[in-house]
Amino acid sequence: MENEVKNENDKKSRIKNIWKSIKKLPSAIKIVLVILIIALIFYIGGIWKSVITNQTKTTKLGLENVGELVTQTAYLTIVQDTEEHREFFDLFEIPFTQSRQIFSYDIQVDASVDFSKITYEIDGNKDNQKIKVKLPHAKIYKSSIDNESLKIYLDEESLFSRIDLAEHNEAMKQLTEQGIKDAEANGLLKAGDENAKKLIETFFKSNGYEDYQIEYEYI
């Protein structure tokens, strides 16, 4: 404690001695010193203000952690008509050998966007605040059949021509493929793209970029 008090007194004493020395200087030298001090302050201030950053690039806002995200879902009911019959040497159909099944299933088709492939640059210029986003188009993520939705409209089977398991599986495959085609034809992927944009816009606004204009470019 005594040492601290002594050091503080020594510091004050040195300051007083420096101040007394300055007072003894001629007026001309004092004026020069004041001018030098002012010039030094402006010089340091100029150094501090010489570095201006108008553009920044942000890479850790969390979009890369989203991964594959479903952005749109289509629900469809697809009717499948499967027929099997016997022919006589490819000349004509043999009577009473026809088997036929007509049934439907509800199908769910999901479109997704891979958010891990999204990149973006943020322009912090006050006169032109914008975010450039590069992203992939939506694609078919998966399709699934609701087994509980089965409806049978016709189920006729001949002893001479039966629809076997392989043919039934092929019919189910065609049903799924038709569901995907119908979903795409009705704008599933386009809606997936638009919803991805809305999610990205909401994400940036929630992170403090409400006034920024967002530009999109597909990769």
Using a Förster distance of 35 Å, the FRET efficiency for Glu215-Lys181 (Cβ separation, nearest 0.05): 0.60
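By per-residue mean of other Cβ atoms within 10 Å, what is the highest-first order of 109-119, 173-183? Spell out each step's value before the answer.
On the way: 109-119: 19.4, 173-183: 16.5.
Per-residue Cβ counts within 10 Å, averaged per peptide and sorted highest first, yield 109-119, 173-183.
FYI, it's all coordinate maths here, none of it is from the lab. Computed from a prediction, not measured in an experiment: that's the story for all the values here. Backbone-built Cβ (ideal geometry, glycine too); neighbour counts: all protein chains shown.
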